[in-house]
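Asks: Let me begin by handing over the structure; questions about it come next.
The values are calculated or read from the model by the stated rules, or taken from the named source; none is laboratory data. No experiment lies behind these values; they were computed from the predicted model shown. Don't worry about glycine lacking a Cβ; one is built from the backbone with ideal geometry, like all the others, and counts go over all protein chains shown. For accessibility, only protein heavy atoms count, side chains too; no ligands or nucleic acids. Shrake-Rupley method; radii C 1.70, N 1.55, O 1.52, S 1.80 Å.
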Amino acid sequence: MGHSKKNAAKHPGWKKPPLEALRAPAGLDLATFDRASTPGWKHGKQAGEDMVTRHAAELSELQERLFAEGRSGGSRSVLLVLQGMDTAGKGGIVRHVVGLVDPQGVAHRSFGVPTPEEARHHYLWRIRRSLPRPGYIGVFDRSHYEDVLVARVDGLVPPEVWEKRYDEINRFEERVVEAGTRIVKVALLLSPEEQRARLLERLDRPDKYWKYNPGDVDSRLKWPAYQEAYQAVLDRTNTEVAPWYAVPADRKWFARLAVSELLLDALRGFDLGWPPADFDVDAERRRLLAT
Ligand code: AMP
Ligand code: MG
């Protein structure tokens with residue numbers, strides 16, 4: 001059996017392994033990236049949603065194995081980094097994909113404007129202390145990348161400061177990976193038209209007002225500058241140890257499917273067993289039966 005056929009069998013519904021289809025290639029040009037596309041996926045929405053549902057059992061079991069390993073002295077963990085413009089669907093991914101596993105094994109953290117305490121520290125300070133402990137699936141809703149995105153676009157620090165951060169982030173992530181964390185970086189790439197529609201929906205529906213933030217229109221006005229900043233992130237931090245996945249986000253179902261595959265792949269890659277007993281099973285059984 002040929003290599004690609006074997007891979008296709010492992011990834012039903014995909015023309016090629018989703019990792020290959022989603023991995024941001026060197027030289028990816030955001031200006032021409034189709035944000036409504038469904039790269040690598042053979043089918044449509046219904047099949048995509050069904051596939052996410054089908055992944056639930058395996059995701060859940062692998063997460064439990066990872067957690068068990070963490071409890072037994074292991075050092076491994078997963079860190080899912082979600083970056084995207086407002087309304088790109090970060091929250092929906094947390095709910096619909098990460099929500100498929102036991103919440104006790106998930107360490108979720110969202111990063112907003114730094115608090116006064118955070119602002120007194122180096123920008124990686126709040127990131128370091130939010131890294132997943134062994135056995136956990138960490139999820140970053142926004143991340144240290146804000147410090148080369150909003151910080152760059154809004155000029156929160158001078159260019160010579162943010163300019164140095166790309167290499168610093170690469171070195172930081174390399175150390176995190178060496179310590180046992182598999183980092184999955186997802187750029188949720190939304191079109192400006194779709195963002196407009198999603199923001200409008202927030203204004204049309206009283207149950208969505210709470211999600212609306214007038215500041216979102218201000219960042220929207222800086223769309224080209226943000227695209228430039230995202231392009232720099234992809235150009236300069238797409239490393240072998242912590243690669244970027246470019247996920248078209250105009251179709252929510254596809255973004256969720258894509259992230260479910262990426263998470264599954266990260267967990268499968270650990271080849272997780274169950275920790276052996278650190279006690280004498282037979283002796284314990286005898287002791288228990290004697291009670
Ligand atoms: P939301 O994700 O909708 O809750 O918005 C969080 C806001 O915090 C966004 O506008 C981000 O740009 C902003 N934010 C996140 N990290 C930083 C940072 N390091 N510096 C400045 N603003 C940030
Ligand atoms: Mg927001």
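Asks: I'd like to check one number: the per residue accessible area of segment 110-177, probe 1.4 Å, reported in Å² as a whole number.
Replies: Accessible surface, normalised per residue, equals 50 Å².
Asks: Taking amide H atoms as placed 1.01 Å from N in the peptide plane, list the residues 5 or more away in sequence, or in a different chain, whose amide H sits under 5 Å from that of residue 108.
Replies: HN-HN under 5 Å from residue 108: 139.
Asks: Let me cross-check residue 193: its accessible surface, 1.4 Å probe, with only protein heavy atoms counted, in Å² to the nearest 10?
Replies: 130
Asks: For residue 135, what charge total do you get from the other residues with a beta carbon under 13 Å from its beta carbon, if Lys and Arg give +1 and Asp and Glu give -1?
Replies: Residues close to residue 135 contribute a combined charge of +2.
Asks: Taking all protein chains together and a probe of 1.4 Å, list 178, 160 from the most accessible to the least accessible.
Replies: 178, 160
Asks: In addition: Quick one: accessible surface of residue 53, probe radius 1.4 Å, all protein chains present, in square angstrom to the nearest 10.
Replies: It works out to around 100 Å².
Asks: Give me the net charge of residue 51's neighbourhood, meaning all other residues with Cβ under 12 Å from the Cβ of residue 51; Lys, Arg count +1, Asp, Glu -1.
Replies: 0
Asks: Given an 8 Å cut-off on Cα distances and at least 6 residues of separation, report the relative contact order of the chain as a percent.
Replies: Relative contact order, the chain: 31 percent.
Asks: Determine the gain in length on full extension of the stretch residue 286-residue 108; use 0.36 nm per residue of separation and subtract their C-alpha separation, reporting nm with one decimal.
Replies: Difference between extended and current length: 59.9 nm.
Asks: Helix 45-71 sits at what angle to the longest principal axis of the chain, using alpha carbons and giving 0 to 90 degrees rounded to 10?
Replies: 60
Asks: To the nearest 20 debye, what charge dipole does the chain have about its Cα centre, counting +1 at the Cβ of each Lys and Arg and -1 at the Cβ of each Asp and Glu?
Replies: For the chain, the charge dipole is close to 540 debye.
Asks: Next question, about the same structure. Between residue 15 and residue 53, what FRET efficiency comes out of the Förster formula 1/(1 + (r/R0)^6) with R0 = 22 Å and r the beta carbon distance, rounded to 0.05?
Replies: 0.60
Asks: Could you give P(r) for segment 149-230, binned at 5 Å from zero, as whole percent values over all Cα-Cα pairs?
Replies: 3, 11, 16, 17, 15, 14, 12, 8, 3, 0
Asks: If a/c stays under 1.5 just call it rounded; otherwise compare a/b with b/c (prolate if a/b is bigger, oblate if not). Do that for segment 93-233, with a ≥ b ≥ c from the square roots of the Cα gyration tensor eigenvalues.
Replies: Note, shape of segment 93-233 comes out oblate.
Asks: Between residue 41 and residues 5 or more places away or on another chain, which pairs have amide H atoms under 5 Å apart, with H built 1.01 Å from N, and which residues are they?
Replies: 15
Asks: Principal axis lengths of the chain from Cα atoms, whole Å, largest first?
Replies: In descending order, the Cα extents are 72, 48, 45 Å.
Asks: Now for a separate question. Considering only protein heavy atoms and a 1.4 Å probe, what is the carbon-and-sulfur percentage of the accessible area of the chain?
Replies: Of the solvent-accessible surface of the chain, carbon and sulfur hold 52 percent.
Asks: Mind ranking 274, 210 by accessible surface for me, highest first, 1.4 Å probe? Please list the in-between numbers first.
Replies: Numbers: 274 125, 210 190 Å².
Putting 274, 210 in descending order of accessible area: 210, 274.
Asks: Accessible area of residue 43, 1.4 Å probe, to the nearest 10 Å²?
Replies: Estimated to the nearest 10 Å², residue 43 gives 90 Å².
Asks: For helix 192-204, what angle does its Cα long axis make with the longest principal axis of the chain, in degrees from 0 to 90 and rounded to 10?
Replies: 80
Asks: I need the phi-derived Karplus couplings for segment 84-97: 6.51 cos²θ - 1.76 cosθ + 1.60, θ = phi - 60°, integer Hz, Gly and Pro marked x.
Replies: x, 5, 3, 6, 5, x, 4, x, x, 5, 4, 5, 8, 10
Asks: Which sequence of 205, 120 reflects their accessible areas, 1.4 Å probe, from the largest down?
Replies: 120, 205
Asks: Further question on the same structure: Could you tell me the relative contact order of segment 123-223? Use alpha-carbon pairs under 8 Å, at least six residues apart, and round to a whole percent.
Replies: About 16 percent, as a whole number.
Asks: Hand me the trypsin sites (Lys or Arg not before Pro) from segment 27-72 located in a DSSP loop with no more than 15 other Cβ atoms within 10 Å, in residue order please.
Replies: Of the trypsin sites (Lys or Arg not before Pro), the ones in loops of segment 27-72 whose Cβ has at most 15 other Cβ atoms within 10 Å are 42.
Asks: If you don't mind, another one. What are the residues whose amide H is under 5 Å from the amide H of residue 245, where those residues sit 5 or more places off or on another chain and H is modelled from the backbone?
Replies: 24, 185, 186, 187
Asks: Give me the number: length gained by fully extending residue 120 to residue 75, i.e. 0.36 nm times residue separation minus the C-alpha to C-alpha distance, one decimal in nm.
Replies: The span from residue 120 to residue 75 would gain 13.2 nm if fully extended.
Asks: How many angstrom separate the Cα center of segment 235-270 from the Cα center of segment 136-207?
Replies: When both Cα centres are located, 14 Å separates them.
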